[in-house]
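Student: The structure under discussion is supplied below as structure tokens; questions concerning it will follow.
The values are calculated or read from the model by the stated rules, or taken from the named source; none is laboratory data. Here the structure is a predicted model, which means the values were calculated and not measured. We place every Cβ from the backbone using ideal geometry, glycine too, and count neighbours over all the protein chains shown.
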Amino acid sequence: MAEPDFYLSDEQRELQRTLREFVAKEITPIAARCDAQESFPKEVFPMLGALGYLGLRFPEDVGGSGGTNLDYAVFCEELATGSAGIALGLYVHMALACAALERFGSASLRRDWLPPALRGERIGGWAFAEAGAGSDAGSIATRAVADGDTYVIDGAKLFITNGPIADFLIVVASTAPERRLKGLSLFLVERDRPGFRIARSLSKLGVRASEMAEIVFEDCRVPTGNRIGREHSGFLDALHTLTLGRIGSAAFAVGLARAALEATLGHARARAQFGQPIGSFQAVRFGIADMALRIEASRLLCHRAAIAADRGLPHGREASMAKLYATEACTRIVERALHYHGASGFMSESPVSRFYRDCKVFELGEGSSELQREMIARDLGI
Ligand SMILES: Cc1cc2nc3c(=O)[nH]c(=O)nc-3n(C[C@H](O)[C@H](O)[C@H](O)COP(=O)(O)OP(=O)(O)OC[C@H]3O[C@@H](n4cnc5c(N)ncnc54)[C@H](O)[C@@H]3O)c2cc1C
């Protein structure tokens, strides 16, 4: 049988092969420990930076390695087979913080921050969500008030991945509350700014190798030059960043589901009951076939969205469909993986129990499934 992604170029196959080796050597062996300790292995940032992977999709003038959205999807899938938690921490840095900075930041912000960030020497985070604003960005209450050649930021951001370890955050704040979505702006806020405070670290059900915090801004003064993009255009800029980000979320779901399938194939061959491997029972075989089918459908949707973006074609609906389908399929696939592992999969020591805790978040973040369905329906004209 042909490889399911036989259409990838020779360079993309090589990228896939080297990443597979990297993940097997550097990520998979530490995944369980990082999950148990709820700590992100910060050394992974400079390792991936030195190999040029953090710079994927970024232009060379800011220290990037170039490459396409399809390359990036290949990267995300491989990474998530090793650890969805580590993948999430890297994703927030690359696909949200650095991507927004690269696309909308001023020349001086790009020059000062992107090269060290793409080498993995500075870690970024994305501060959008608040206690009162999750799916509804129009409810963002963090204020940024212009004062001379500065803005003064006040408010609190919740569920911020990389919050405890980030050197800088891209903060979504309201510069014109009465305009709601049309009054949002983006700011780069350095961790050492007076008025920037980590209120608390948060412990999670899954993706525990990524670290999370609540961040408070109290009278936090940043120069006007720290604004990213035009004043009040923050929602559209964030939306653009998140749309491309959805391709990454879909690819993570494919990678995590693939890890679950591979574990299940091994278990179905090795585990015998009633005198035969459980993989010889038709009910199990059909279930495993469905897992493989859903993974390939997810990957095709994900790669289609990436290719559309690479060709400069509209890709909002494609990215939403990929994210929606792949993340829901992943949850189903991982649930089946645990089911076919029986009690052994339910044990904390089993990677499958970690996959089970990890998978759900991809349906929630980056716009929940309901929001993706809403966007798809709107794009269909209803
Ligand atoms: C592990 C993890 C990491 C995260 N990292 C970050 C981060 O780095 N930065 C950041 O800013 N945020 C982060 N978040 C927060 C994430 O962005 C939010 O979880 C997401 O925006 C959804 O918001 P919410 O959780 O408040 O859910 P809510 O918006 O309160 O939604 C709750 C439920 O209501 C449904 N719902 C809401 N609105 C509608 C609607 N109009 N129609 C139908 N159903 C609707 C949702 O689908 C969901 O099922 C993270 C969250 C998690 C769990």
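Student: Restricted to the range 100-122, and to residues that are surrounded by fewer than 23 Cβ atoms within 10 Å (Cβ to Cβ) and aliphatic (A, V, I, L, M), which residue is nearest to the chain's Cα centre (by Cα)?
Tutor: Ranking the candidates gives 109 first.
Student: Let me ask something additional. Do the conditions hold for residue 337, that is, is it more than 16 Å from the ligand (Cβ to nearest atom) and either at pLDDT below 95 or more than 22 Å from residue 278 (Cα to Cα) (or both)?
Tutor: On the way: more than 16 Å from the ligand (Cβ to nearest atom): yes; either at pLDDT below 95 or more than 22 Å from residue 278 (Cα to Cα) (or both): no.
It is false that residue 337 is more than 16 Å from the ligand (Cβ to nearest atom) and either at pLDDT below 95 or more than 22 Å from residue 278 (Cα to Cα) (or both).
Student: Among the residues of the range 128-151 satisfying the criterion of being within 11 Å of the ligand (Cβ to nearest atom) and of a type in the set (Asp, Glu), which is nearest to residue 224 (Cα to Cα)?
Tutor: Here the answer is 130.
Student: Continuing with the same structure: Cβ contacts < 9 Å: first residue within 16 Å of residue 204 (Cβ to Cβ), restricted to the range 31-44; second residue of a type in the set (Asp, Glu) and modelled with pLDDT of 95 or more, any location; separation 6+ or different chain. Result?
Tutor: Once the first residue is within 16 Å of residue 204 (Cβ to Cβ) and sits in the range 31-44, its partners that are of a type in the set (Asp, Glu) and modelled with pLDDT of 95 or more give 32/349; 35/358; 38/211; 39/211; 40/211.
Student: Among the listed residues 109, 90, which satisfies the condition of being of a type in the set (A, V, I, L, M, F, W, C), closer than 24 Å to residue 204 by Cα and either at pLDDT 95 or above or within 12 Å of the ligand (Cβ to nearest atom) (or both)?
Tutor: On the way: 109 fails: closer than 24 Å to residue 204 by Cα.
Within the list 109, 90, the selection yields 90.
Student: Is it the case, given these coordinates, that residue 57 is touching a residue at least 24 places away in the same chain (Cβ under 8 Å) and either under 29 Å from residue 110 (Cα atoms) or among the charged types (D, E, K, R) (or both)? Let's see the steps before the verdict.
Tutor: Numbers: touching a residue at least 24 places away in the same chain (Cβ under 8 Å): yes; either under 29 Å from residue 110 (Cα atoms) or among the charged types (D, E, K, R) (or both): yes.
So residue 57 passes the test.
Student: Also: Is there a residue being more than 19 Å from residue 240 (Cα to Cα), in the same structural domain as residue 267 (by TED's automatic domain parsing) and either more than 15 Å from the ligand (Cβ to nearest atom) or surrounded by 14 or more Cβ atoms within 10 Å (Cβ to Cβ) (or both) anywhere in the range 313-326?
Tutor: So the first thing to find is which residues in the range 313-326 are more than 19 Å from residue 240 (Cα to Cα), and the list is 325-326.
Still in the list and also in the same structural domain as residue 267 (by TED's automatic domain parsing): 325-326.
Right, trim to either more than 15 Å from the ligand (Cβ to nearest atom) or surrounded by 14 or more Cβ atoms within 10 Å (Cβ to Cβ) (or both) and you get 325-326.
Among the residues of the range 313-326, at least one is more than 19 Å from residue 240 (Cα to Cα), in the same structural domain as residue 267 (by TED's automatic domain parsing) and either more than 15 Å from the ligand (Cβ to nearest atom) or surrounded by 14 or more Cβ atoms within 10 Å (Cβ to Cβ) (or both), which makes the answer yes.
Student: Next question. So how many residues does the range 1-53 have that are out of contact with any Asp or Glu (no Cβ under 7 Å at 6 or more places or on another chain), hydroxyl-bearing (Ser, Thr, Tyr) and in a loop (DSSP other than H, G, I, E, B)?
Tutor: Qualifying residue count, the range 1-53: 3.
Student: Right, another one. Which of the following residues is out of contact with any His (no Cβ under 6 Å at 6 or more places or on another chain) and free of Cβ contacts under 8 Å to residues at least 60 places away in the same chain: 101, 90, 118? Show your work before the answer.
Tutor: Values: 101 fails: free of Cβ contacts under 8 Å to residues at least 60 places away in the same chain; 118 fails: free of Cβ contacts under 8 Å to residues at least 60 places away in the same chain.
Only one candidate passes the filter, namely 90.
Student: Another question, then. Quick one: how many residues across the range 362-382 are in contact (Cβ under 8 Å) with a residue 40 or more places away in the chain, part of a helix (DSSP H, G or I) and under 19 Å from residue 137 (Cβ atoms)?
Tutor: Residues in the range 362-382 being in contact (Cβ under 8 Å) with a residue 40 or more places away in the chain, part of a helix (DSSP H, G or I) and under 19 Å from residue 137 (Cβ atoms): 8 in total.
Student: Among the residues that make up the range 293-306, is at least one of them part of a helix (DSSP H, G or I), surrounded by fewer than 17 Cβ atoms within 10 Å (Cβ to Cβ) and within 16 Å of the ligand (Cβ to nearest atom)?
Tutor: Looking only at the range 293-306, we keep the residues that are part of a helix (DSSP H, G or I), and these are 293-306.
Keeping just the survivors that are surrounded by fewer than 17 Cβ atoms within 10 Å (Cβ to Cβ) gives 293, 296-297.
Imposing the further condition that a residue be within 16 Å of the ligand (Cβ to nearest atom) reduces the set to none.
No, the range 293-306 contains no residue that is part of a helix (DSSP H, G or I), surrounded by fewer than 17 Cβ atoms within 10 Å (Cβ to Cβ) and within 16 Å of the ligand (Cβ to nearest atom).
Student: Now, a different point. Tell me the residue from 166, 213, 173 that is in contact with a Lys or Arg (Cβ under 9 Å, 6 or more places away or on another chain), small (Gly, Ala, Ser), within 13 Å of the ligand (Cβ to nearest atom) and farther than 29 Å from residue 30 by Cβ, please. Let's see the steps before the verdict.
Tutor: Values: 166 fails: farther than 29 Å from residue 30 by Cβ; 213 fails: farther than 29 Å from residue 30 by Cβ.
Exactly one residue qualifies, and that residue is 173.
Student: If you check 103, 122, which single one turns out to be more than 16 Å from the ligand (Cβ to nearest atom) and more than 19 Å from residue 244 (Cα to Cα)?
Tutor: Details: 103 fails: more than 19 Å from residue 244 (Cα to Cα).
One residue alone meets the criteria, 122.
Student: Here are the criteria: (1) within 27 Å of residue 43 (Cβ to Cβ); (2) among the small types (Gly, Ala, Ser); (3) more than 16 Å from the ligand (Cβ to nearest atom). Tell me which single one residue 85 does not satisfy.
Tutor: Failed condition: (3).
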